[in-house]
Amino acid sequence: MNRGDDGATIHTAEHEFPLPERRLFLAHFIIAFFALFLGAVAGLLQGISRTGLIVLPAAIGYYQLLTLHGIMLAYVFTTFTIVGFLLLGTAKTTGGTFTPPERRLAWGGYVLMLAGVALDAVAILTNEATVLYTFYPPMRAMPIFYIGVFLVLFGSWLPGGTIFAAYRRWKKAHPDAPSPLFAYMSVATYILWLIATLGVLFELAFMLIPWSLGWMKTINVGAARTFFWFFGHPVVYFWLLPAYIYWYVNIPRMIKGKIFSNLLPRLTFVLFILYSIPVGLHHQFGDPGIEPIWKFIQATLTFFVVIPTLLTAFAVIAMFEEAGRGQGATRPFEWIKKLPWKDARFLAPVVGMLFFIPGGAGGIINASYQLNQVVHNTLWLPGHFHLTLATTVILTYIAITFWAIPSLTGRTYTPQANRAANLVVVLWSTGMLFMSTAMHVLGVLGEPRRTAYTDYAGADVVESWVFWRALMGSGAVFLFLGIVVYLGVIVYLMMYAPQAERVVEFPIGDVRDKAPPPPPILERWGLWVAIVGALILIAYTWPIVELLTQTKNGAPPLRSW
Amino acid sequence: MRLDLPRLEALWLKISIGTLASFLLIIGIMAFGFHLHPASSRYAIDPTRVNETPPFDQPGLYAIGPNEYRAVIIAKLFTFIPSDLTIPKGATVHFMITSPDVIHGLSIPGTNVNIMVIPGQVNTFTYTFKRAGEYLLLCNEYCGAGHQMMMAKWTVKEE
């Protein structure tokens with residue numbers, strides 16, 4: 001153990017990943033970086049074109065950019081980063097390597113996902129799939145677009161098999177011990193993901209793909225939307241939970257602290273499995289064809305996420321405080337000074353946590369059965385998820401890669417890299433403060449999301465939008481600069497940073513000694529899957545039956561872009 | 001100062017549960033006490049025959065009571081039919097809306113009108129226009145190349 005940059009502890013490895021593992025993990029992160037770059041370019045152009053001050057060349061369509069932005073960032077960047085991170089941490093905590101069959105399974109998933117990305121890139125760039133990342137029918141993209149999305153999502157199942165196998169292998173070797181926390185949380189995240197993706201995979205395989213190939217003449221639009229949102233809400237928890245893993249498991253090690261509890265994080269993840277799926281109707285509060293009572297029931301279930309969220313806030317801050325006190329802090333709040341603020345791998349996720357406070361509060365407003373009418377489909381919504389996904393989660397992923405890349409390339413995270421990384425945090429939080437604040441205000445003033453620049457033929461209300469639109473656009477410029485600096489640091493860490501004498505260890509925290517062992521019931525996955533299955537049947541059976549049976553005729557396909 | 005973490009944790013958990021309970025109570029009272037619900041309906045329609053299906057064969061504004069109206073609206077690429085209307089101040093409007101093509105959304109900035117328009121379904125919502133002035137109706141769900149031009153203007157006149 002030695003002193004690292006600016007007070008953070010850097011552990012050098014007792015353990016180094018063998019080459020096949022390193023290749024596997026890096027392959028995932030590299031695709032994520034490409035997707036991030038494409039998505040960021042699209043985002044910059046969208047942000048400045050919506051100010052009305054700059055007009056895009058006619059060849060670049062706003063909605064095509066928006067589709068590229070959504071697909072690349074919401075599906076490709078996130079999924080590849082998450083799979084890479086979960087594989088890395090699971091391998092490390094279940095013995096240091098995967099077995100060859102486990103590794104082959106993960107590579108199989110990677111190939112499927114990459115094939116999906118290629119198909120989607122072709123469909124989007126040729127303007128044959130300008131249907132946004134929600135791809136609501138009856139707007140019909142070319143079939144390879146839907147097949148591509150299917151391959152990305154289904155491909156992501158296979159590394160889940162790798163994680164389950166490694167977890168089982170470890171459990172078999174240690175029958176009486178609680179599983180390693182990282183592996184446990186990866187299994188929980190994947191259980192959530194497998195159940196969640198069932199909705200959209202069903203929509204793709206049995207509705208969108210056959211319909212886009214012309215095998216079905218029409219489609220039931222309301223039902224398709226409902227299958228999409230079965231997946232569309234839990235997907236956000238699939239993005240969030242890996243960030244929670246970093247907070248719960250990785251951060252304690254770097255701040256000389258201990259994991260606060262061996263029970264609380266497991267309970268949190270089990271609660272996420274239970275309350276993240278039977279809630280999708282809160283995205284469809286204003287939809288016809290669904291009785292209000294079902295919308296209300298799912299709104300209620302949505303609110304339960306308050307509990308694991310606030311538990312996490314408590315556990316993370318308690319862990320910080322104990323770490324600070326362990327290093328000699330005694331007066332109230334003196335512990336704050338003991339934390340490694342100058343290390344971007346700590347600063348980035350903590351800034352992300354601060355942004356999660358307004359992000360979470362906004363989420364409560366969105367889920368509120370009545371207040372939702374004021375903000376639904378306005379710019380408030382992208383304002384909200386650019387705080388949660390595009391700040392809290394992204395800043396944490398950024399910190400993860402600052403650990404992962406050096407530990408996989410054997411290079412050093414130098415003080416210069418750290419200074420540039422801190423600049424990324426400053427650019428990102430400034431940009432998001434501007435952009436997200438402006439989007440929230442514009443939403444309340446009534447400006448719709450997913451809409452190219454317009455002045456609505458001089459309608460009075462548009463005057464009140466002008467200033468905020470400019471602020472939104474300037475925020476997008478800061479954010480783009482942040483991504484440019486970030487990717488610069490990544491290229492440096494991959495190819496130019498000095499070789500480390502001993503490889504930087506990917507930090508995995510230890511549970512504090514006083515923490516009681518978790519009850520074995522938390523590892524009885526069959527039980528939790530059965531409960532969530534029952535909740536899904538209760539919350540979804542009747543709305544789906546009604547949507548499928550009350551229809552008079554489906555809608556024929558259209559290309560309206 | 002020594003920290004009693006288990007005690008603080010239990011207190012925090014109580015606060016969390018209390019917060020959750022108060023949120024649920026508020027949305028419950030608003031829904032079932034004040035009957036505030038989002039747009040909803042259970043009325044299917046053949047999306048390929050909207051123009052021949054009553055009442056959408058004659059979209060428009062119909063008086064159904066003292067200062068009470070039914071607005072039968074078709075949202076289609078890239079317009080609302082009827083487009084421009086004038087109603088008196090205080091008018092209660094029952095919206096009935098559907099789409100013959102793709103998904104649209106109808107929202108009116110400055111009001112609570114925010115209705116999803118889905119082909120194959122008729123959606124309904126009721127709103128009372130208490131302020132006079134000009135209202136912008138806009139499409140708030142991406143529907144294609146001309147989505148940003150899809151709008152209508154209503155005037156609410158002082159009587």
Expressed to one decimal in nm², the mean projection of the alpha carbon convex hull of the protein assembly as shown is 30.7 nm²
Residues meeting the amide H criterion for A:VAL511 (H placed from the backbone, H to H distance under 5 Å, 5 or more places apart or on another chain) are A:ILE259
Regression test value, accessible area per residue of chain A, probe 1.4 Å, units Å², expected 34 Å²
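What percent antiparallel are the DSSP beta bridges of the protein assembly as shown, to the nearest 5?
Counting only bridges with both partners in the protein assembly as shown, antiparallel ones make up about 70 percent.
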1/(1 + (r/R0)^6) with r = Cβ-Cβ of A:ASP176 and B:ILE29, R0 = 60 Å, i.e. FRET efficiency to nearest 0.05, evaluates to 0.75
Checked against the positive end of the charge dipole of region A:182-339 (+1 on Cβ of Lys and Arg, -1 on Cβ of Asp and Glu, about the Cα centre), the farthest of A:ILE251, A:PHE269, A:GLN298 is A:ILE251
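Mean residue ellipticity at 222 nm from the helices of the protein assembly as shown, using -39,500 (n - 2.57) per DSSP H segment of n ≥ 4 over the full residue count, to the nearest 500 deg cm²/dmol?
Values: 22 runs with 368 residues, N = 720.
Result for the protein assembly as shown, helices only: -17000 deg cm²/dmol.
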For A:GLU447, the residues 5 or more places away or on another chain with a placed amide H closer than 5 Å to its own amide H are A:LEU379
Between A:TRP215 and A:LYS514, the FRET efficiency computed from the C-beta separation at R0 = 45 Å comes out, to the nearest 0.05, as 0.15
Region B:26-48 and region B:82-159 have their Cα centres apart by a whole-number Å value of 17 Å
With a 1.4 angstrom probe the carbon and sulfur portion of accessible area for chain A, in percent, totals 71 percent
Taking only C-alpha positions in region B:5-159, Rg and Dmax in angstrom work out to 19.9, 69
With every protein chain kept in place and a 1.4 Å probe, the residues A:LEU433, A:LEU281, A:LEU38 fall, from largest accessible area down, as A:LEU433, A:LEU38, A:LEU281
A correct Karplus calculation of ³J(HN,Hα) over region A:507-521, with 6.51 cos²θ - 1.76 cosθ + 1.60, θ = phi - 60°, whole Hz and x for Gly and Pro, returns x, 10, x, 9, 6, 5, 4, 6, 5, x, x, x, x, x, 4
Filtered hits (aspartates and glutamates, Cα-Cα < 17 Å from B:LYS14, offset >= 8 within chain) -> B:ASP4
The answer for the net charge of residues other than B:LEU77 whose Cβ lies under 15 angstrom from its Cβ, with Lys and Arg +1 and Asp and Glu -1, is +1
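Out of all DSSP beta bridges with both ends in region B:43-157, state the antiparallel percent to the nearest 5. Please list the in-between numbers first.
On the way: 27 of 38 bridges.
Approximately 70 percent, going by the DSSP bridge assignments.
Any idea of the accessible area per residue across region B:1-129, 1.4 Å probe, to the nearest Å²? Before the final figure, lay out the partial values.
Working: 5880 Å² over 129 residues.
Accessible area per residue: 46 Å².
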Quick numbers on region A:127-279, Rg and Dmax over C-alpha atoms in Å, give 18.9, 62
Whole-Å distance linking the alpha carbon centroid of region A:358-375 with that of region A:197-243 is 24 Å
Carbon plus sulfur, as percent of the 1.4 Å-probe accessible area of region B:43-157, comes to 49 percent
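Using a 1.4 Å probe and counting only protein heavy atoms, how much accessible surface gets buried when A and B come together, both sides summed, in Å² to the nearest 100?
Numbers: alone 21850 and 10080 Å², together 26220 Å².
Buried area (both sides, nearest 100 Å²): 5700 Å².
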Taking Cα atoms, the helix B:5-28 axis meets the longest principal axis of chain B at an angle in degrees (rounded to 10) of 20 degrees
Note to self: C-alpha centroids of region A:255-280 and region A:518-548 sit apart, in Å, by 18 Å
Which residues qualify? For B:LEU137, with a placed amide H closer than 5 Å and at least 5 residues away or on another chain, they are B:ALA152, B:LYS153, B:TRP154
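The values are calculated or read from the model by the stated rules, or taken from the named source; none is laboratory data. Not measured: the values here are computed from a predicted model. Here Cβ is always computed from backbone atoms with ideal geometry, including for glycine, and neighbour counts include all displayed protein chains. To get the accessible areas, we keep the full protein, side chains included, count just its heavy atoms, and leave off ligands, DNA and RNA. Shrake-Rupley method; radii C 1.70, N 1.55, O 1.52, S 1.80 Å.
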